[in-house]
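Input: a single structure, listed below in C-alpha coordinates.
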Amino acid sequence: MGEVNLWLLDRLEAVQPTSLNLILEVEPLAAPEIQTMALSYQATVKPQLILGRFLSVRAPTANLSFLADLPGVRTVSYNAPVGIPRFPSLNPFTHVDSLLGAMPLSSIEIPRGPRLPRVPLGVSTLPGISLAVQVASEGKTIIPTSESRNVLEPPGDSSLGLTVAVIDTGMTPGAPGLPPRIKTRLMSFTGEPPLDGLGHGMWVSTAAFGAAQNTPWGRIQGVATVDRGLLLHAKSLSNAGFGSTEGILLAMEWCLKEGAQVISMSLGSEQQGSVNDDPLCRAIELHPEALWVVAAGNSGPDDWTIGSPGAAPSAITVGAYSMTDRQVSWFSSRGPGGGFYLQHPDIWSQDLAQYGELLIKPDLLAPGGGRALAESQPDEQLLSAVTGWTDLEDGIPNLVGAMKGTSMATPAAAGLLALALERGIISTQQDVKAKLRGVSKDKSSGWGLLTWSRLGR
(Lines give C-alpha, C1' and ligand atoms only; values in the text may rest on other atoms or scores of the structure.)
Protein backbone atom coordinates (compact mmCIF):
# COMPACT_ATOMS: atom_id res chain seq x y z
CA MET A 1 0.00 0.00 0.00
CA GLY A 2 1.10 3.52 -0.75
CA GLU A 3 0.67 6.73 1.16
CA VAL A 4 -0.54 10.27 0.71
CA ASN A 5 2.39 12.68 0.76
CA LEU A 6 2.73 14.01 4.32
CA TRP A 7 3.31 17.55 3.02
CA LEU A 8 -0.04 17.33 1.23
CA LEU A 9 -1.79 16.05 4.36
CA ASP A 10 -0.33 18.96 6.32
CA ARG A 11 -1.70 21.41 3.76
CA LEU A 12 -5.13 19.83 3.73
CA GLU A 13 -5.48 20.48 7.46
CA ALA A 14 -5.89 24.18 6.64
CA VAL A 15 -7.53 24.12 3.18
CA GLN A 16 -9.65 21.39 1.62
CA PRO A 17 -10.54 22.09 -2.00
CA THR A 18 -13.18 19.83 -3.51
CA SER A 19 -10.77 18.21 -5.97
CA LEU A 20 -7.06 18.29 -6.70
CA ASN A 21 -4.62 17.73 -9.51
CA LEU A 22 -2.29 15.00 -8.35
CA ILE A 23 0.89 13.15 -9.27
CA LEU A 24 0.91 9.45 -8.48
CA GLU A 25 4.21 7.60 -8.31
CA VAL A 26 3.44 4.02 -9.28
CA GLU A 27 5.10 0.72 -10.03
CA PRO A 28 5.44 0.78 -13.83
CA LEU A 29 3.82 -2.62 -14.47
CA ALA A 30 0.82 -1.69 -12.31
CA ALA A 31 0.05 1.54 -14.21
CA PRO A 32 -2.66 0.13 -16.57
CA GLU A 33 -4.57 -1.45 -13.70
CA ILE A 34 -4.25 1.71 -11.59
CA GLN A 35 -5.66 3.80 -14.45
CA THR A 36 -8.69 1.50 -14.61
CA MET A 37 -9.26 1.14 -10.87
CA ALA A 38 -8.94 4.89 -10.26
CA LEU A 39 -12.16 5.40 -12.19
CA SER A 40 -13.99 3.79 -9.28
CA TYR A 41 -12.94 6.75 -7.16
CA GLN A 42 -14.09 9.39 -9.64
CA ALA A 43 -10.51 10.05 -10.74
CA THR A 44 -9.52 11.22 -14.20
CA VAL A 45 -6.15 9.75 -15.15
CA LYS A 46 -4.09 10.91 -18.11
CA PRO A 47 -2.87 7.96 -20.16
CA GLN A 48 0.81 8.89 -20.37
CA LEU A 49 3.17 7.29 -17.87
CA ILE A 50 5.83 9.98 -17.32
CA LEU A 51 9.42 8.86 -16.81
CA GLY A 52 8.06 5.33 -16.59
CA ARG A 53 6.69 5.98 -13.11
CA PHE A 54 4.42 9.04 -12.71
CA LEU A 55 0.73 9.48 -13.56
CA SER A 56 -1.17 12.77 -13.70
CA VAL A 57 -4.56 12.45 -12.00
CA ARG A 58 -7.46 14.67 -10.99
CA ALA A 59 -9.57 13.32 -8.16
CA PRO A 60 -11.92 14.37 -5.34
CA THR A 61 -9.94 15.34 -2.26
CA ALA A 62 -12.01 12.93 -0.18
CA ASN A 63 -10.70 9.98 -2.19
CA LEU A 64 -6.95 10.50 -1.77
CA SER A 65 -6.52 7.68 0.71
CA PHE A 66 -8.39 5.27 -1.59
CA LEU A 67 -6.01 6.12 -4.42
CA ALA A 68 -3.03 5.56 -2.14
CA ASP A 69 -4.38 2.09 -1.28
CA LEU A 70 -4.52 0.95 -4.91
CA PRO A 71 -2.03 -1.88 -5.58
CA GLY A 72 1.12 -0.47 -7.16
CA VAL A 73 0.69 3.12 -5.94
CA ARG A 74 3.72 4.34 -3.99
CA THR A 75 2.91 7.99 -3.23
CA VAL A 76 0.07 10.44 -3.90
CA SER A 77 1.45 13.98 -4.22
CA TYR A 78 0.18 17.34 -5.37
CA ASN A 79 0.60 18.49 -8.96
CA ALA A 80 1.94 21.72 -7.52
CA PRO A 81 2.65 25.01 -9.30
CA VAL A 82 6.33 25.42 -10.20
CA GLY A 83 7.89 28.72 -11.10
CA ILE A 84 10.91 30.95 -11.25
CA PRO A 85 12.42 31.12 -7.74
CA ARG A 86 10.67 34.08 -6.20
CA PHE A 87 11.62 37.22 -4.34
CA PRO A 88 9.05 37.99 -1.62
CA SER A 89 6.61 40.85 -2.37
CA LEU A 90 8.33 41.71 -5.64
CA ASN A 91 5.44 41.50 -8.04
CA PRO A 92 1.83 42.57 -7.36
CA PHE A 93 0.42 40.12 -9.93
CA THR A 94 -0.56 36.73 -8.54
CA HIS A 95 -1.48 33.22 -9.54
CA VAL A 96 -4.18 31.80 -7.27
CA ASP A 97 -3.81 28.12 -6.46
CA SER A 98 -6.66 26.15 -4.92
CA LEU A 99 -4.38 24.63 -2.29
CA LEU A 100 -1.56 27.14 -1.84
CA GLY A 101 -3.52 30.36 -2.27
CA ALA A 102 -2.13 33.52 -3.88
CA MET A 103 1.36 33.14 -5.37
CA PRO A 104 3.41 35.95 -6.95
CA LEU A 105 3.89 35.69 -10.71
CA SER A 106 7.09 36.16 -12.70
CA SER A 107 9.32 36.78 -9.75
CA ILE A 108 12.24 38.22 -11.66
CA GLU A 109 13.97 41.34 -10.48
CA ILE A 110 14.61 43.73 -13.37
CA PRO A 111 15.76 47.35 -13.17
CA ARG A 112 12.71 49.59 -13.34
CA GLY A 113 12.06 53.29 -13.54
CA PRO A 114 14.61 55.34 -15.51
CA ARG A 115 15.92 53.63 -18.60
CA LEU A 116 19.27 51.95 -18.74
CA PRO A 117 21.73 54.27 -20.47
CA ARG A 118 22.53 53.77 -24.15
CA VAL A 119 26.18 54.38 -23.38
CA PRO A 120 28.13 53.51 -20.22
CA LEU A 121 27.88 56.11 -17.47
CA GLY A 122 31.04 55.01 -15.74
CA VAL A 123 33.38 52.17 -14.93
CA SER A 124 33.01 50.28 -11.69
CA THR A 125 35.78 49.90 -9.17
CA LEU A 126 34.85 46.27 -8.51
CA PRO A 127 38.04 44.15 -8.36
CA GLY A 128 38.69 42.27 -11.59
CA ILE A 129 35.69 43.69 -13.44
CA SER A 130 36.62 45.75 -16.46
CA LEU A 131 33.18 47.19 -17.20
CA ALA A 132 30.24 47.45 -14.82
CA VAL A 133 27.88 50.28 -15.50
CA GLN A 134 26.63 52.25 -12.53
CA VAL A 135 22.98 53.24 -12.90
CA ALA A 136 22.94 55.70 -10.05
CA SER A 137 19.25 56.59 -10.28
CA GLU A 138 18.31 52.97 -9.65
CA GLY A 139 21.14 51.99 -7.34
CA LYS A 140 22.19 49.17 -9.66
CA THR A 141 25.50 47.85 -10.87
CA ILE A 142 24.95 46.20 -14.25
CA ILE A 143 27.56 43.51 -14.91
CA PRO A 144 27.63 41.79 -18.33
CA THR A 145 27.95 38.01 -18.25
CA SER A 146 31.41 38.07 -19.84
CA GLU A 147 32.58 39.44 -16.48
CA SER A 148 30.63 37.04 -14.29
CA ARG A 149 31.87 34.07 -16.36
CA ASN A 150 35.45 35.17 -15.70
CA VAL A 151 34.89 34.55 -11.99
CA LEU A 152 34.45 30.86 -12.85
CA GLU A 153 37.84 30.80 -14.63
CA PRO A 154 36.59 28.90 -17.71
CA PRO A 155 39.18 27.44 -20.10
CA GLY A 156 40.27 29.55 -23.04
CA ASP A 157 38.45 27.26 -25.47
CA SER A 158 34.79 27.28 -24.48
CA SER A 159 33.55 25.37 -27.53
CA LEU A 160 31.13 22.60 -26.56
CA GLY A 161 30.00 19.51 -28.47
CA LEU A 162 27.67 17.86 -25.95
CA THR A 163 23.89 17.67 -25.92
CA VAL A 164 22.79 20.03 -23.16
CA ALA A 165 19.38 21.25 -22.07
CA VAL A 166 17.58 24.10 -20.34
CA ILE A 167 14.13 23.73 -18.77
CA ASP A 168 12.61 27.20 -18.49
CA THR A 169 10.30 29.71 -20.24
CA GLY A 170 11.37 28.96 -23.81
CA MET A 171 14.01 30.06 -26.28
CA THR A 172 13.95 32.17 -29.45
CA PRO A 173 16.25 30.72 -32.16
CA GLY A 174 18.04 33.32 -34.25
CA ALA A 175 17.96 35.93 -31.49
CA PRO A 176 21.22 37.69 -30.59
CA GLY A 177 23.25 35.93 -27.96
CA LEU A 178 22.93 32.47 -29.51
CA PRO A 179 25.70 31.07 -31.73
CA PRO A 180 24.73 31.76 -35.38
CA ARG A 181 24.98 28.12 -36.48
CA ILE A 182 23.79 26.53 -33.26
CA LYS A 183 21.74 23.35 -33.49
CA THR A 184 18.66 23.61 -31.33
CA ARG A 185 15.60 21.55 -30.59
CA LEU A 186 12.60 23.04 -28.81
CA MET A 187 9.55 21.57 -27.12
CA SER A 188 6.78 23.21 -25.11
CA PHE A 189 4.84 21.66 -22.24
CA THR A 190 2.80 24.76 -21.44
CA GLY A 191 0.28 24.92 -24.28
CA GLU A 192 2.16 27.97 -25.61
CA PRO A 193 4.62 28.04 -28.51
CA PRO A 194 8.18 27.17 -27.39
CA LEU A 195 9.45 30.71 -28.07
CA ASP A 196 10.32 32.78 -25.02
CA GLY A 197 7.77 35.53 -24.50
CA LEU A 198 9.06 36.32 -21.01
CA GLY A 199 12.87 36.54 -21.28
CA HIS A 200 14.01 34.36 -18.40
CA GLY A 201 14.56 31.31 -20.59
CA MET A 202 16.65 33.25 -23.11
CA TRP A 203 18.65 34.82 -20.30
CA VAL A 204 19.64 31.49 -18.79
CA SER A 205 20.17 29.78 -22.16
CA THR A 206 22.57 32.45 -23.39
CA ALA A 207 24.33 32.81 -20.04
CA ALA A 208 25.06 29.09 -20.00
CA PHE A 209 25.61 28.28 -23.68
CA GLY A 210 25.50 31.51 -25.70
CA ALA A 211 28.00 33.22 -27.96
CA ALA A 212 29.84 36.46 -27.24
CA GLN A 213 28.00 39.63 -28.20
CA ASN A 214 28.82 43.29 -27.66
CA THR A 215 26.22 45.56 -26.06
CA PRO A 216 26.34 49.22 -24.98
CA TRP A 217 26.88 47.98 -21.41
CA GLY A 218 29.66 45.52 -22.13
CA ARG A 219 30.19 42.11 -23.65
CA ILE A 220 27.77 39.31 -22.81
CA GLN A 221 28.97 35.74 -23.23
CA GLY A 222 27.92 32.26 -22.20
CA VAL A 223 30.24 30.19 -20.07
CA ALA A 224 30.26 27.53 -22.80
CA THR A 225 29.41 27.94 -26.47
CA VAL A 226 27.36 25.13 -28.03
CA ASP A 227 28.79 25.38 -31.52
CA ARG A 228 29.43 21.67 -32.11
CA GLY A 229 26.69 20.03 -30.05
CA LEU A 230 22.95 20.38 -29.53
CA LEU A 231 21.06 22.79 -27.27
CA LEU A 232 17.65 21.59 -26.13
CA HIS A 233 15.11 23.91 -24.57
CA ALA A 234 12.04 22.50 -22.87
CA LYS A 235 9.49 25.23 -22.23
CA SER A 236 7.79 24.14 -19.04
CA LEU A 237 7.16 27.61 -17.58
CA SER A 238 4.70 29.92 -19.29
CA ASN A 239 5.27 33.47 -20.47
CA ALA A 240 4.00 34.49 -17.03
CA GLY A 241 6.67 32.37 -15.33
CA PHE A 242 4.62 29.47 -13.98
CA GLY A 243 4.24 25.79 -14.78
CA SER A 244 3.29 22.60 -12.97
CA THR A 245 4.95 19.55 -11.49
CA GLU A 246 3.51 17.51 -14.35
CA GLY A 247 4.97 19.89 -16.96
CA ILE A 248 8.42 19.77 -15.34
CA LEU A 249 8.35 15.96 -15.22
CA LEU A 250 7.39 15.85 -18.91
CA ALA A 251 10.22 18.26 -19.72
CA MET A 252 12.71 16.17 -17.75
CA GLU A 253 11.59 13.05 -19.61
CA TRP A 254 11.97 14.74 -23.00
CA CYS A 255 15.45 16.03 -22.18
CA LEU A 256 16.60 12.55 -21.18
CA LYS A 257 15.09 10.94 -24.28
CA GLU A 258 16.90 13.51 -26.44
CA GLY A 259 20.21 12.59 -24.84
CA ALA A 260 20.89 15.62 -22.65
CA GLN A 261 23.94 15.15 -20.45
CA VAL A 262 23.71 18.43 -18.52
CA ILE A 263 20.30 19.95 -17.70
CA SER A 264 19.93 23.46 -16.26
CA MET A 265 16.80 24.12 -14.15
CA SER A 266 16.32 27.68 -12.85
CA LEU A 267 12.96 26.90 -11.27
CA GLY A 268 11.41 25.46 -8.18
CA SER A 269 8.54 24.98 -5.76
CA GLU A 270 8.04 23.98 -2.14
CA GLN A 271 9.55 20.65 -1.21
CA GLN A 272 6.71 18.13 -0.92
CA GLY A 273 7.62 15.89 1.98
CA SER A 274 10.81 13.89 2.21
CA VAL A 275 13.09 13.85 -0.83
CA ASN A 276 11.97 10.22 -1.06
CA ASP A 277 8.42 11.42 -1.75
CA ASP A 278 8.69 14.80 -3.53
CA PRO A 279 7.97 14.01 -7.23
CA LEU A 280 10.65 16.28 -8.72
CA CYS A 281 13.30 15.14 -6.26
CA ARG A 282 12.33 11.53 -6.95
CA ALA A 283 12.69 12.07 -10.70
CA ILE A 284 16.26 13.26 -10.24
CA GLU A 285 17.13 10.42 -7.87
CA LEU A 286 15.75 7.87 -10.33
CA HIS A 287 17.77 9.33 -13.22
CA PRO A 288 21.31 10.13 -12.08
CA GLU A 289 22.64 9.55 -15.61
CA ALA A 290 22.39 13.30 -16.30
CA LEU A 291 23.92 16.21 -14.40
CA TRP A 292 20.90 18.08 -13.00
CA VAL A 293 22.01 21.63 -12.19
CA VAL A 294 19.25 23.26 -10.12
CA ALA A 295 18.61 26.65 -8.51
CA ALA A 296 18.60 26.65 -4.71
CA GLY A 297 15.87 29.32 -4.59
CA ASN A 298 15.60 32.99 -3.64
CA SER A 299 14.00 32.67 -0.21
CA GLY A 300 17.06 33.57 1.89
CA PRO A 301 18.58 34.63 4.12
CA ASP A 302 16.51 32.34 6.38
CA ASP A 303 17.66 28.76 6.88
CA TRP A 304 15.58 25.76 5.75
CA THR A 305 14.49 27.52 2.54
CA ILE A 306 15.83 25.20 -0.19
CA GLY A 307 13.24 24.50 -2.89
CA SER A 308 12.35 21.43 -4.92
CA PRO A 309 13.96 19.89 -6.95
CA GLY A 310 17.09 21.58 -5.54
CA ALA A 311 16.64 19.54 -2.35
CA ALA A 312 17.32 16.28 -4.24
CA PRO A 313 20.52 14.62 -2.98
CA SER A 314 21.68 13.89 -6.54
CA ALA A 315 21.00 17.42 -7.80
CA ILE A 316 23.86 19.89 -8.13
CA THR A 317 22.18 22.70 -6.22
CA VAL A 318 23.44 26.21 -6.91
CA GLY A 319 23.36 29.24 -4.64
CA ALA A 320 24.08 32.82 -5.70
CA TYR A 321 27.42 34.58 -5.14
CA SER A 322 27.86 38.34 -4.95
CA MET A 323 30.83 39.47 -7.04
CA THR A 324 30.94 42.77 -5.17
CA ASP A 325 31.06 41.29 -1.68
CA ARG A 326 32.63 37.92 -2.55
CA GLN A 327 30.08 36.20 -0.36
CA VAL A 328 26.77 34.40 -0.75
CA SER A 329 24.01 36.78 -1.90
CA TRP A 330 21.48 37.69 0.79
CA PHE A 331 18.47 36.25 -1.06
CA SER A 332 20.07 32.90 -1.87
CA SER A 333 18.15 30.08 -0.16
CA ARG A 334 19.93 28.46 2.75
CA GLY A 335 19.97 24.90 3.89
CA PRO A 336 20.44 22.54 5.28
CA GLY A 337 17.18 21.55 3.56
CA GLY A 338 13.66 22.58 2.67
CA GLY A 339 10.96 23.94 4.95
CA PHE A 340 9.24 20.57 5.28
CA TYR A 341 12.22 19.23 7.20
CA LEU A 342 12.10 22.13 9.65
CA GLN A 343 8.54 21.10 10.51
CA HIS A 344 9.44 17.39 10.64
CA PRO A 345 12.87 17.03 12.29
CA ASP A 346 12.38 13.29 12.76
CA ILE A 347 12.11 12.79 8.98
CA TRP A 348 15.14 15.04 8.47
CA SER A 349 17.14 12.82 10.81
CA GLN A 350 16.04 9.69 8.94
CA ASP A 351 16.90 11.13 5.54
CA LEU A 352 20.21 12.55 6.76
CA ALA A 353 21.15 9.10 7.99
CA GLN A 354 20.32 7.74 4.53
CA TYR A 355 22.02 10.38 2.36
CA GLY A 356 24.57 12.03 4.62
CA GLU A 357 26.07 15.31 3.42
CA LEU A 358 24.44 14.92 -0.01
CA LEU A 359 21.19 16.02 1.64
CA ILE A 360 22.75 19.27 2.90
CA LYS A 361 22.21 22.09 0.39
CA PRO A 362 23.25 24.08 -1.56
CA ASP A 363 26.22 22.27 -3.10
CA LEU A 364 28.08 25.23 -4.58
CA LEU A 365 27.90 28.92 -5.48
CA ALA A 366 28.14 30.78 -8.78
CA PRO A 367 27.71 34.48 -9.67
CA GLY A 368 24.03 35.41 -9.38
CA GLY A 369 24.01 39.11 -8.59
CA GLY A 370 22.80 40.77 -5.44
CA ARG A 371 24.75 41.76 -2.36
CA ALA A 372 25.64 39.98 0.87
CA LEU A 373 23.23 42.30 2.72
CA ALA A 374 19.82 43.26 1.31
CA GLU A 375 20.31 46.92 2.20
CA SER A 376 23.72 47.29 0.53
CA GLN A 377 23.93 49.69 -2.40
CA PRO A 378 24.42 49.69 -5.29
CA ASP A 379 22.70 46.39 -5.97
CA GLU A 380 24.35 43.98 -8.42
CA GLN A 381 22.58 42.61 -11.50
CA LEU A 382 23.86 40.55 -14.40
CA LEU A 383 23.20 41.34 -18.05
CA SER A 384 22.47 38.76 -20.76
CA ALA A 385 20.26 38.33 -23.83
CA VAL A 386 16.47 38.24 -23.54
CA THR A 387 13.36 38.25 -25.69
CA GLY A 388 9.77 38.88 -24.62
CA TRP A 389 8.27 41.27 -22.14
CA THR A 390 11.36 41.56 -19.93
CA ASP A 391 13.15 43.07 -22.94
CA LEU A 392 10.71 45.99 -22.72
CA GLU A 393 10.84 46.36 -18.94
CA ASP A 394 13.64 48.93 -19.08
CA GLY A 395 11.85 50.86 -21.85
CA ILE A 396 14.35 49.97 -24.57
CA PRO A 397 13.72 47.04 -26.98
CA ASN A 398 17.39 46.05 -27.15
CA LEU A 399 17.19 42.26 -26.55
CA VAL A 400 19.20 42.38 -23.32
CA GLY A 401 18.10 42.46 -19.72
CA ALA A 402 19.64 42.60 -16.24
CA MET A 403 18.51 40.16 -13.55
CA LYS A 404 19.67 38.64 -10.29
CA GLY A 405 18.87 35.38 -8.53
CA THR A 406 19.92 31.79 -8.13
CA SER A 407 18.32 31.51 -11.59
CA MET A 408 21.35 33.42 -12.89
CA ALA A 409 23.87 31.37 -10.92
CA THR A 410 22.50 28.04 -12.16
CA PRO A 411 23.24 28.39 -15.91
CA ALA A 412 26.72 29.69 -15.14
CA ALA A 413 27.41 26.50 -13.19
CA ALA A 414 25.77 24.35 -15.88
CA GLY A 415 27.98 25.84 -18.59
CA LEU A 416 31.19 25.23 -16.66
CA LEU A 417 30.18 21.70 -15.67
CA ALA A 418 29.33 20.88 -19.29
CA LEU A 419 32.86 21.92 -20.31
CA ALA A 420 34.33 19.82 -17.50
CA LEU A 421 32.22 16.82 -18.51
CA GLU A 422 33.25 16.99 -22.15
CA ARG A 423 36.93 17.28 -21.22
CA GLY A 424 36.78 14.27 -18.89
CA ILE A 425 37.45 16.23 -15.70
CA ILE A 426 34.15 15.00 -14.22
CA SER A 427 31.74 12.25 -15.18
CA THR A 428 29.06 12.27 -12.46
CA GLN A 429 27.54 14.60 -9.89
CA GLN A 430 29.52 12.69 -7.27
CA ASP A 431 32.73 13.78 -9.02
CA VAL A 432 31.70 17.43 -8.83
CA LYS A 433 30.91 17.26 -5.14
CA ALA A 434 34.01 15.24 -4.27
CA LYS A 435 36.31 17.75 -5.98
CA LEU A 436 34.72 20.73 -4.24
CA ARG A 437 34.60 18.90 -0.92
CA GLY A 438 38.34 18.38 -1.17
CA VAL A 439 38.85 22.15 -1.19
CA SER A 440 36.29 23.24 1.41
CA LYS A 441 35.20 21.11 4.35
CA ASP A 442 32.52 23.62 5.38
CA LYS A 443 29.24 23.29 3.49
CA SER A 444 27.34 26.12 5.20
CA SER A 445 27.06 27.94 1.84
CA GLY A 446 27.72 24.93 -0.31
CA TRP A 447 31.31 23.90 -0.89
CA GLY A 448 32.09 27.44 -1.98
CA LEU A 449 32.47 29.15 -5.33
CA LEU A 450 32.63 26.92 -8.40
CA THR A 451 35.75 27.56 -10.49
CA TRP A 452 37.62 25.65 -13.18
CA SER A 453 40.74 25.39 -11.03
CA ARG A 454 38.76 23.82 -8.18
CA LEU A 455 37.32 21.20 -10.54
CA GLY A 456 40.82 20.39 -11.75
CA ARG A 457 42.14 19.40 -8.34
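Data for the structure
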item	result
Enumerated strands (runs of 3 or more DSSP E) restricted to the range 245-332, each holding at least 1 residues that are more than 30 Å from A374 (Cα to Cα) and aliphatic (A, V, I, L, M)	262-265, 291-295
Count of the range 161-204 residues which are assigned to a loop (DSSP other than H, G, I, E, B) and on the phi < 0 side of the Ramachandran plot	22
Subset tally (residues that are of a type outside the set (D, E, K, R) and within 23 Å of V96 (Cβ to Cβ)) for the range 213-248	12
Residue list for the range 123-158, restricted to those being modelled with pLDDT under 90, in a loop (DSSP other than H, G, I, E, B), polar (S, T, N, Q) and crowded, with 19+ Cβ neighbours inside 10 Å	S124
Answer from A207, A240, A211 - the residue that is in a loop (DSSP other than H, G, I, E, B) and within 22 Å of E153 (Cβ to Cβ)	A211
Pairs, first open to solvent by 10 Å² or more (accessible area, probe 1.4 Å) in the range 328-343, second of a type in the set (S, T, Y), C-beta under 7 Å, six or more apart	V328/Y321; V328/S445; R334/T305; G339/T305
Positions within the range 199-245 being polar (S, T, N, Q), open to solvent by less than 10 Å² (accessible area, probe 1.4 Å) and in contact with a Gly (Cβ under 6 Å, 6 or more places away or on another chain), in sequence order	T206, S236
Any hit, the range 296-312, residues being open to solvent by less than 10 Å² (accessible area, probe 1.4 Å), under 17 Å from A165 (Cα atoms) and not basic (K, R)	yes
Any chance L195 is surrounded by fewer than 22 Cβ atoms within 10 Å (Cβ to Cβ) and either in contact (Cβ under 8 Å) with a residue 60 or more places away in the chain or touching an Asp or Glu at 6+ places or on another chain (Cβ under 8 Å) (or both)	yes
Failed item in (1) open to solvent by 10 Å² or more (accessible area, probe 1.4 Å); (2) over 30 Å from K235 (Cβ atoms); (3) at pLDDT 50 or above; (4) of a type outside the set (V, I, T), with L100 passing the rest	(2)
Count - residues of the range 270-283 that are under 13 Å from the mean Cα position of the chain (by Cα) and open to solvent by less than 20 Å² (accessible area, probe 1.4 Å)	2
Contacts under 9 angstrom Cβ, first residue in the range 372-391 being closer than 14 Å to Q327 by Cβ, partner among the charged types (D, E, K, R), 6 or more apart	A372/D325; A372/R326; L373/D325; S376/D325; E380/K140; E380/D325; E380/R371; E380/K404
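So that you can scan it fast, the table gives a plain yes or no per residue for (1) outside any helix (DSSP H, G or I); (2) surrounded by 19 or more Cβ atoms within 10 Å (Cβ to Cβ); (3) in contact (Cβ under 8 Å) with a residue 24 or more places away in the chain:
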position	(1), (2), (3)
L9	no, no, no
I23	yes, yes, yes
E33	no, no, yes
T36	no, no, no
P47	yes, no, no
L55	yes, yes, yes
A62	no, no, no
P71	yes, no, yes
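The values are calculated or read from the model by the stated rules, or taken from the named source; none is laboratory data. Model, not experiment: these values are computed from the prediction. Ideal geometry is used to build each Cβ from the backbone, glycine not excepted, and the neighbour counts take in all protein chains shown. Ligands, DNA and RNA are excluded from the accessible area calculation, which covers all protein heavy atoms including side chains. Shrake-Rupley method; radii C 1.70, N 1.55, O 1.52, S 1.80 Å.
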